[in-house]
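> Pasting a structure here, questions to come.
The values are calculated or read from the model by the stated rules, or taken from the named source; none is laboratory data. Treat the numbers as computed from the prediction; the structure is a model and nothing was measured. Don't worry about glycine lacking a Cβ; one is built from the backbone with ideal geometry, like all the others, and counts go over all protein chains shown. Ligands, DNA and RNA are excluded from the accessible area calculation, which covers all protein heavy atoms including side chains. Shrake-Rupley method; radii C 1.70, N 1.55, O 1.52, S 1.80 Å.
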Amino acid sequence: MCTGRLGIGICYDIRFPEMAMVYAQQGCQLLVYPGAFNTTTGPLHWELLLRARAVDNQLFVAACSPARNPGSSYQATAALAVALGDTAGQAWGHSTVVGPFAEVLATTGHEEDMVFADMDYYEKRLDLYRSQDLGVQAPEA
């Protein structure tokens, strides 16, 4: 039985910690990011960012990506395609689930596949990561 709060973002959102922090403060135990990093940014950033969001917020992160399709023409821009070569237009793949201690629980390669992972929502360091209301208000615009 699956219980708990779920937060959803997009691939761009995973690059920045603020949304994940808000979700964690709202009690989310799992963040899900569908994304399509390409074969240039994927090897450099995909797993790194998933692990960072998980450990930063002491929660689970799942990211799903399309499988690589050599026949596709996915390109961010024509200039990027020229600069990075034809392979930059391919999705990185590697759908992944990461735990609160930044451990990769399950992952795939770049081919079509499914990811399964057991998640224990009580597996986090509550003694180290407490949310405190400091009474600070945002300045008026």
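> Report yes if some residue within the range 100-107 is modelled with pLDDT under 85 and out of contact with any His (no Cβ under 6 Å at 6 or more places or on another chain); otherwise report no.
If we filter the range 100-107 for residues that are modelled with pLDDT under 85, which is where we start, we get none.
The answer is no, given that none of the residues of the range 100-107 is modelled with pLDDT under 85 and out of contact with any His (no Cβ under 6 Å at 6 or more places or on another chain).
> For the range 14-31, which residues satisfy the criterion of being open to solvent by 40 Å² or more (accessible area, probe 1.4 Å) and under 9 Å from the mean Cα position of the chain (by Cα)?
Within the range 14-31, just R15 meets the criteria.
> So in the range 38-67, with the set limited to residues that are in a loop (DSSP other than H, G, I, E, B) and either in contact with an Asp or Glu (Cβ under 7 Å, 6 or more places away or on another chain) or open to solvent by less than 40 Å² (accessible area, probe 1.4 Å) (or both), which one is modelled with the lowest pLDDT?
The qualifying residue modelled with the lowest pLDDT is A67.
> What pairs come up if the first residue lies in the range 34-62 and is within 13 Å of A91 (Cα to Cα) and touching a residue at least 12 places away in the same chain (Cβ under 8 Å), the second is open to solvent by 60 Å² or more (accessible area, probe 1.4 Å) and of a type in the set (G, A, S), and their beta carbons are under 8 Å apart, counting only those six or more places apart or on different chains?
N38/A76
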